[in-house]
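The values are calculated or read from the model by the stated rules, or taken from the named source; none is laboratory data. In this text, all values refer to a predicted model and were calculated from it rather than measured experimentally. Cβ: placed from backbone, ideal geometry, glycine included. Neighbour counts: every protein chain shown. Ligands, DNA and RNA are stripped out before the accessible areas are found, and what is left, the full protein with its side chains, is counted by its heavy atoms. Shrake-Rupley method; radii C 1.70, N 1.55, O 1.52, S 1.80 Å.
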Amino acid sequence: MSDDAATAEDVRHVADLARVDLDDDEVDDFAEQFADILEYFDALDDVPTVDTDADLVNVMRPDEEHDCLDREDALGNAEGTEDGYFKGPNVS
Amino acid sequence: MSDDIFITRETVEGADDGPLADTTVAVKDNISTEGVRTTCGSEMLADYVPPYDATVVSRLKEAGATIVGKTNMDEFGMGTTTETSAFGATENPVAPGHVPGGSSGGSAAAVAAGEADVALGSDTGGSIRCPAAFCGVAGIKPTYGVVSRYGLVAYANSLEQIGPLAPTVEEAAALLDVIAGPDPKDATTRDPERSAPYVDAADGDVDGMTVGVPTELVDGADEGVLETFEDALDDLRAQGVEVVDVSLESVEYAVQAYYVIAMSEASSNLARFDGVRYGNSGGYDGNWNEVFGEAREEGFGAEVKRRVLLGTYALSAGYHDKYYKQAQNARAWVKQDFDEAFADVDVLASPTMPVPPMALGESLSDPLTMYLADANTVPVNLADLPAVSVPAGETDGLPVGMQFVAPAFDEATAIRAASALD
């Protein structure tokens, strides 16, 4: 995209991947801004590969039962629930 | 005027006694508070009421603190001015007509305006230090892993830490003592060896300390900001500090790397907001995927959409290596550069922000210019390091902050250096 500036079609494509609808004005604004921002990101092409010795450790815990969030509380912010479950739109 | 500082004003009393028994605390609105709505400055979560407390909130309550409200912020922490909030902008209480900085602008403004004794913010790329600098208060971004992120609504989880804002470095350090420490609910927390409380380091004893000034973080800064910064360095020299120039070549790529990583993590983290379990559903009916797209169009503001889309793009097939992988390489390089610099100096200093507070309304139309203002703060998050912003003076009546960066888990050194300017 950065070789040839971001197009409205590119913006619509990522918006579809990200499940964010956009109106036509937003698509045009974003196409213009993305071209500038992605051109700025192109500088990353010049970054060398760095040998790293990452200081990583596994963090383990015993697999034990403990109290957890009450079911009613967990469902408290949902718009739709049924029989103690979240209720979402159709998957089709 | 202080009406624009809080999104929700609600008093929560803590325990009867404890180190914060007589202290009021304002809490950024992306930190979960049981029974008190937590919006992240977003229409998406306008009615969201968490069923549990963040670990830091539990610790505030146990320490006896009184929470006075949830503060305004850039939507999901995405901004440098607090203007991307769905609840409107916050005016800088010490620089009328100007932004308070962001994204923890409400928290810094609450402290500056005396609406709370101290406050909690979160810092993903400077979101504690920037508003601290712009509002003339102190702020600490802890080393990654020092403070639990349990209950912090994620924006870019590999970069962010919760931290304190306060009138002085000493008070900020005392608040850090309350919230820091390992948490079984956040596997990224660490238990670093500490010989003394953080607050003990705020003794201003900098005699014999070596402070490095990265030339890359000074070149290009606003002239008035630089003058104030130089005056503060002179103040430190008079207290026995040796000031030396250092070079951090990699930071020229830090803003690009930060935004690629933060946007990529945001695109993943914000995928949870589909309006089913919590958040705005829009009440739409029909196919799952289409309904989500509609709910998210309605719930997210422009800056959040921009970052989610750019992050999705940076992670998509064909572009992952060009953007995300190179950004991770840059992150490793920045870390290495800092490590090398700390072989010769105790602490690094720069202006916290290269510019004074922007006028309200000035930054919203040009996102790239807003991103560039983060040049001095984002390297610290990429390198997981601790940093303190302390008021250094003013330029044309506008506050200027000075940032001190220390090696990982050496909060004490940054606190000590900054406290010399308290």
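Summarising the amide proton neighbourhood of B:Gly212: residues at separation of 5 or more, or on other chains, whose placed amide H is nearer than 5 Å comprise B:Val244, B:Asp346, B:Val347, B:Leu348, B:Ala349. Computed 3J(HN,Hα) for segment B:30-37, one whole-Hz value per residue from the Karplus formula 6.51 cos²θ - 1.76 cosθ + 1.60 where θ = phi - 60°, is 10, 10, 5, 10, 4, x, 10, 4, glycine and proline marked x. A simple count of charges around B:Ser122, restricted to other residues whose Cβ falls under 12 Å of its Cβ and scoring Lys, Arg +1 and Asp, Glu -1, yields 0.
Phi angles of segment A:20-31 translate, via the Karplus equation with coefficients 6.51, -1.76, 1.60 and θ = phi - 60°, into HN-Hα couplings of 10, 5, 10, 8, 4, 5, 4, 4, 5, 4, 5, 4 Hz per residue; Gly and Pro are given as x. Take the accessible area of A alone and of B alone, subtract that of the pair with a 1.4 Å probe, and the total buried over both chains is about 4400 Å².
Projected over all directions and averaged, the alpha-carbon convex hull of chain A occupies 12.7 nm².
Treating the angle as unsigned and between 0 and 90°, give the value, to the nearest 10°, between the Cα long axis of helix B:169-179 and the longest Cα principal axis of chain B. Helix B:169-179 sits roughly 50 degrees off the main axis of chain B. What do you get for the angle between helix A:8-17 and the principal long axis of chain A? Use alpha-carbon atoms, 0 to 90 degrees, nearest ten. The answer is roughly 20 degrees.
In this simple spin-label model, placing a label point 7 Å from the Cα along the Cα-to-Cβ direction at both B:Asn287 and A:Asp67 gives a separation of 4.6 nm.
Loop-located GluC sites (Glu not before Pro) in segment B:113-178 (DSSP state other than H, G, I, E, B) with a sparse environment of at most 13 neighbouring Cβ atoms within 10 Å are absent.
Label positions at B:Glu10 and B:Arg194, each projected 7 Å from the Cα along the C-beta direction, are separated by 2.9 nm. Spatial offset of segment B:25-66 relative to segment B:211-237 amounts to 37 Å, using the alpha carbon center of each.
Net charge around B:Thr413, counting only other residues with Cβ within less than 13 Å of its Cβ (Lys, Arg = +1; Asp, Glu = -1)?
Result for the neighbourhood of B:Thr413: -4.
If you plug the beta carbon distance of A:Asp83 and A:Asp24 into 1/(1 + (r/R0)^6) with R0 = 45 Å, you get a FRET efficiency near 0.60. Distances between placed amide hydrogens fall under 5 Å for B:Ser127 paired with B:Ser103, all partners being 5 or more residues away or on another chain.
Take each residue in A:17-30, count the other chain C-beta atoms within 10 Å of its C-beta, and the mean is 6.
The mean of 1/r over all distinct Cα pairs in chain B, once inverted, gives the Kirkwood hydrodynamic radius of 21.0 Å. Calculate log10 I(q)/I(0) of the protein assembly as shown for q = 0.08 Å⁻¹, where I(q) comes from the Debye formula with a single equal point scatterer on each Cα and nothing for solvent. So the normalised log intensities are -0.47.
Extension gain, B:Glu340 to B:Asp47: 0.36 nm times the residue separation minus the Cα-Cα distance gives 100.7 nm.
Counting only protein heavy atoms and using a 1.4 Å probe, what share of the accessible area of the protein assembly as shown belongs to carbon plus sulfur, as a whole percent? Carbon plus sulfur share of accessible area: 44 percent. Taking the empirical scaling 2.2 N^0.38 Å for compact globular proteins as reference, segment B:145-233 has a Cα radius of gyration ratio of 1.40. Under 5 Å from the amide H of B:Gly401 lie the amide H atoms of B:Thr352, B:Met353, B:Ala392, each residue being 5 or more positions distant or on a separate chain, with H modelled from the backbone and absent for Pro and chain starts. In segment B:204-328, Cα pairs under 8 Å separated by at least six residues give a relative contact order of 27 percent. If you plug the beta carbon distance of B:Leu368 and B:Asp396 into 1/(1 + (r/R0)^6) with R0 = 22 Å, you get a FRET efficiency near 0.30. One Cα centroid belongs to segment B:345-387, the other to segment B:125-152; the line between them spans 13 Å.
Sorted largest first, the spans of the alpha carbon positions of segment B:303-352 along the three principal axes are 42, 24, 9 Å. Along segment B:268-280 the Karplus relation, 6.51 cos²θ - 1.76 cosθ + 1.60 evaluated at θ = phi - 60°, assigns HN-Hα couplings of 7, 4, 7, 5, 5, 8, 10, x, 8, 8, 6, x, 5 Hz to successive residues, with x for each Gly and Pro.
A cut-off under 13 angstrom between Cβ atoms defines the neighbours of B:Gly240, and their net charge, with Lys, Arg +1 and Asp, Glu -1, is -4.
Measuring heavy-atom accessible area with a 1.4 angstrom probe and counting protein chains only, the residues of segment B:271-288 that give up at least 40 Å² relative to the chain alone are B:Val276, B:Arg277, B:Asn287, B:Trp288. Dipole magnitude for chain A: computed about the Cα centre from +1 point charges on Lys and Arg Cβ and -1 point charges on Asp and Glu Cβ, it is near 500 debye. For A:His66, the solvent-accessible surface with a 1.4 Å probe is about 140 Å², rounded to the nearest 10. Spin-label point model (7 Å from Cα, Cβ direction): what's the A:Asp16 to B:Glu223 distance in nm? The answer from the label model is 5.3 nm. Highest mean first, the peptides B:370-381, A:52-63 sorted by other C-beta atoms within 10 Å per residue fall in the order B:370-381, A:52-63.
A 1.4 Å probe run over the protein chains yields, for chain B, 32 Å² of accessible area per residue, whole-number rounding.
Would you please put B:176-183, B:301-308 in order of how densely packed they are, using the mean number of other Cβ atoms within 10 angstrom per residue and starting with the highest?
B:301-308, B:176-183
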